[in-house]
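This report concerns only the one structure given below.
Nothing in this text is a laboratory measurement; each read-out follows from the coordinates by a stated rule. Predicted, not measured: the structure shown is a model, and the values here were computed from it. With ideal geometry, Cβ positions are generated from the backbone for all residues, glycine too; neighbour counts draw on all protein chains shown.
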Amino acid sequence: MEEAGGETQLLRPFCCEHSLLSRPDGSACFTQGDTTVLAAVYGPAEVKVSKEIFDKATLDVLLKPKVGLPSVAEKSKEQMIRNTCEATILTALHPRSSITVVLQVIHDAGSLLSCCLNAACMALMDAGLPMKSVFCGITCVIDSGGDILFDPTTKMEKEAAAVFTFSINSVEKQLLMSSTKGSYSVEELQQCVAMCQKAAEKIFQFYRDSVSRKYSKLSE
Amino acid sequence: MARDAAEAVGETVLAGDLLTFPVAPGDKLLCGPGLRRQGRAHASGSGLAACKCGVVRRKEPSVYWVESQQKRYVPAKGEYVIGIVTTKSGDIFKVDVGGSEQASLSYLAFEGATKRNRPNVQVGDLVFAQFVVANKDMEPELVCIDSCGRSNGMGVIGPDGLLFKVSLSIARKLLSPNCEVIKNLGELYPFEIVIGMNGRIWVKAKTIKHTLLVANVLESCENMTTEQRKCVFKKLSENVP
């Protein structure tokens, strides 16, 4: 189990557990505040001939909500996570195979998409899949007073004027994916992007500490 | 922001971290798994990036690689693996090696096999074989003979025994010469063992109980430190009659 406290004004404390499932090739459970997502990665595995791509791996993302069957909202989140993963995994190294990422929402207390992105990245690292870089997800809101706040709870998201979720690369903090809701100006968007890129550094530092802790226990 | 590789040895890196290697012109630099070319070559050396998360390791003088943990096997040429025969179709057997596709094994690739003298291999048998073709673009191919035509320990793995799976790093550790775990365990319970680089291990001891004990110890030595392992062996040696 790995714990880290973010600055209380910026990010809720997060913690992560690696390799907790025995069947998948990689798994991780990521918690941000109260929001918890469990991710499992299978791959590179056999692929159905109808789905195989001749020069790269077929990437599938499945998001299962806490209650009920997956619906349109889950499908759209799956596509966003899939686009982020496709941009970072070196799929050309495993042609005609499949990589599946399965995400299960354990508890949703706000910032669900960014928690899913972080859990997916940790599970991909745990599975040992070759990647160009690691990525992280950050959610921020612009509240009624015009302040920018990170890692909102469900209440903050409901009352906010605009909600932004970005996924950010570890190499040069490039923006990989953005999903926004609400009304905002161009300057506010650019400001949010810049602040999220700075806050992403904390999450990447947490990844680093988590991985070094995992490998320090195993080396002899 | 690139780090110097010589300083980063023994430290963890994440995928995408740039490493510079101070290489004099004319020197050779060998890059192992987990590293790929990225970034511009600097005046002082060449740029490589880690593509897996793990610990940077070095073997003198200039071999570098990233050691990472993995459960899923990716076929590589020259590696010895344990496969399970799934189908017999015409002249070849299809063998499951735990990778993304099944490997093919020709029936002529056994010692002393000819068109008239077919090897005695059934569906469901375990085979210990070596990859002759294993790259991302082609179907992997196995053989049970070496380049001289001798079996050299490869072939169908004998009756009885137990096959179980461990992570790839444990299989590699157990294969290292003078592995302490195998030596100590062999002093307690004599056993036969075949270790495949795909994480599959086959053991056979005198009785079924001993076989299960050996299998459990090998599976759990992944999560134990050296001291914990010594305690387990001490407890086991007290129970051996």
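The charge dipole of segment B:178-241, taken about its Cα centre with unit charges on the Cβ atoms of Lys, Arg (+1), Asp and Glu (-1) only, comes to about 160 debye. With semi-axes defined as the square roots of five times the eigenvalues of the C-alpha gyration tensor, the equivalent ellipsoid of segment B:142-236 measures 25, 16, 12 Å, largest first. Ranked by how many other Cβ atoms sit within 10 Å of their own Cβ, fewest first, the residues A:Ile53, A:Ile89 fall in the order A:Ile53, A:Ile89.
Phi-derived couplings, Karplus 6.51 cos²θ - 1.76 cosθ + 1.60 at θ = phi - 60°, listed residue by residue for segment B:12-17: 7, 10, 9, 4, x, 6 Hz, with x used for Gly and Pro.
For chain A, what relative contact order do you get, as a whole percent, if you take Cα pairs closer than 8 Å and at least 6 residues apart?
Here the relative contact order equals 19 percent.
Can you compute log10 of I(q)/I(0) for chain B with the Debye formula, treating each Cα as one identical point scatterer, at q = 0.09 Å⁻¹? Values, matching the q order: -0.52.
Over all orientations, segment B:88-203 has a Cα convex hull whose mean projected area works out to 8.5 square nanometres. Using bins of 10 Å that start at zero, the share of Cα-Cα pairs per bin across segment A:138-220 amounts to 17, 42, 24, 11, 5, 1, in whole %. For B:Gly54, the residues 5 or more places off, or on other chains, whose built amide H falls under 5 Å of its own are B:Val13. In the frame of its principal axes, segment A:71-220 has Cα extents of 53, 35, 30 Å, reported largest first.
Hull volume per residue, based on the alpha-carbon atoms of segment A:7-92 and their convex hull, is 149 Å³. What is the distance in Å between the Cα centroid of segment A:112-139 and that of segment B:179-241? Cα centroid to Cα centroid, the span is 36 Å. Among the trypsin sites (Lys or Arg not before Pro) in segment B:107-197, those placed in a DSSP loop whose Cβ has at most 15 other Cβ atoms within 10 Å are B:Lys115, B:Arg116, B:Arg150. Loop-located chymotrypsin sites (Phe, Trp or Tyr not before Pro) in segment B:154-241 (DSSP state other than H, G, I, E, B) with a sparse environment of at most 11 neighbouring Cβ atoms within 10 Å are absent. For segment B:188-241, trypsin sites (Lys or Arg not before Pro) are listed when DSSP marks them as loop and at most 13 other Cβ atoms sit within 10 Å of their Cβ; the list is B:Lys206.
Just to confirm my numbers, what's the Cα centroid distance between segment B:45-65 and segment A:7-48 in Å? That distance is 27 Å. Each of B:Leu105, A:Leu112, B:Leu19 was placed along the dipole of the protein assembly as shown (beta-carbon charges, centred on the mean Cα), and the one lying farthest toward the positive end is B:Leu105. Using bins of 10 Å that start at zero, the share of Cα-Cα pairs per bin across the protein assembly as shown amounts to 4, 18, 25, 24, 17, 8, 3, 1, 0, in whole %.
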